[in-house]
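Below is one structure, written out as structure tokens; the observations come after it.
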Amino acid sequence: MSQITIIGLGLIGTSIGLGLKALDGDFSILGHDRDHGAMQRAAKMGAVDKTHWNLIAAIEEADMIILAIPIDGVAPTFEAIKQDLKQGCLIMDTAPLKRPVQRAAAEHLPDHVHFIGSNPILPHGEELTPEEASPDLFREALWALCPTRDARANAVNIVTNLVQSLGASPYFLSPEEHDGLAAAAVSLPTLMAGALMHAVSAHASWREIRKMAGGQFARATALPNFNAEALAAMVFDNRDNVLLWIETMMAELEGWRGALQEEDKAVLDKWFEDAQTRRAQWLKLQETGDWEESGRTPIEPSGFFSRMLGLGGFSRKKAKAGRHD
């Protein structure tokens, strides 16, 4: 029986474990997290077959490793495990940026293992807690897959099959393309939420402003549930792309300020209407998943990796008698 190790047992890692447990695969799942409470929770939820507090012991027999940890922890983890990885081990991550992870993989991981960068794109993931982990978390979601040009085809096929088996649609793009898009969709909103909270809370009137701040302010300043170092990394490690978007936003804000200074309410009416329409269109597409690239192309894993992991027959387990989905 093959072993899959999940490093990081928060919302993503636990949900992956639950999803894998619902599959008819010949593998066991071992979980590791620096937080012993997270390991206990994942085991109680049935997301892992067993846990191990020691990172090296958790990965040394693993045929596949899934990293579900904040981006600032990926490089140190690669460095810590590089001497103890099994020959032919397949590693994938779930970090929100791909270029820094790919650089870390190239620097630290040995040649006898295989790495595929990935990022599950969850519309409401920030609103959920690890206690709300579910095998259906990824259902109908896009899952970015960012293999490099020298990635082995069998490794790409295995990860693709795994993602599809969890209910997601693979979205292939290069690490460079991914981070260029993520600058606008992830890094810039993170920076702007932090900047808004920082600027307003530093103002002399904050003691009174905070009394007026309601749900809209809370939503505008909401940050992903990571520590400050991980949030900074999401912006800093993508700074070339983020700087371009900051310039775009500064120009945009100059336009809005100009409309206010010129008392041109008609322009503001039009811009707000455009924003409302485009946001509604985006949310509709997000709900239906009917993107331009919609549709899945199943890829069957083959060869050594399939036999090693027993992933060739990934399928949902049959429902038990009396169970209704």
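Rule-based calculations on the coordinates, nothing more; no lab input. Every value quoted in this text rests on a predicted model; they were computed, and no experiment measured them. Methodologically, a virtual Cβ is constructed for each residue, glycine included, from the backbone with ideal geometry; neighbour enumeration extends over all protein chains shown.
A few notes on this one:
- Remark: the Gln276-Ala195 segment gains 26.8 nm on full extension, using 0.36 nm per residue and subtracting the alpha carbon distance.
- In degrees, nearest ten, helix 36-45 long axis to first principal axis of the chain (Cα): 70 degrees
- When the GluC sites (Glu not before Pro) in segment 216-275 are filtered for DSSP coil states and for at most 16 other beta-carbon atoms within 10 Å of their beta-carbon, the remaining sites are Glu262, Glu263.
- Taking Cα atoms only, the orientation of helix 265-288 departs from the longest principal axis of the chain by about 10 degrees.
- Mean Cβ neighbour count within 10 Å, used as a protection proxy, ranking 71-83, 101-113 highest first: 71-83, 101-113
- On Cα atoms only, tilt of 99-108 relative to the major axis of the chain in degrees: 40 degrees
- Rounded to the nearest 20, the size of the Cβ-charge dipole of segment 177-262 about its Cα centre is 600 debye, with Lys and Arg at +1 and Asp and Glu at -1.
- Reducing segment 256-278 and segment 1-72 to their Cα centroids gives an inter-centroid distance of 49 Å.
- Estimated at 0.36 nm per residue, the fully extended path between Trp256 and Leu283 surpasses their Cα-Cα distance by 7.3 nm.
- Look at the dipole of the chain built from charges on Cβ: of Ala42, Asn238, Ser118, the Cα furthest out on the positive end belongs to Ala42.
- Charge dipole (Cα centre; +1 on Lys/Arg Cβ, -1 on Asp/Glu Cβ; no other charges) of the chain amounts to roughly 980 debye.
- Note on segment 60-187: with charges restricted to the Cβ of Lys and Arg (+1) and Asp and Glu (-1), its dipole about the Cα centre is near 440 debye.
- Over the chain, DSSP H runs of length four or greater, each weighted -39,500 (n - 2.57), average out per residue to a 222 nm ellipticity of -14500 deg cm²/dmol.
- Met1-Glu177 FRET efficiency (beta carbon distance; Förster radius 30 Å; 0.05 resolution): 0.20
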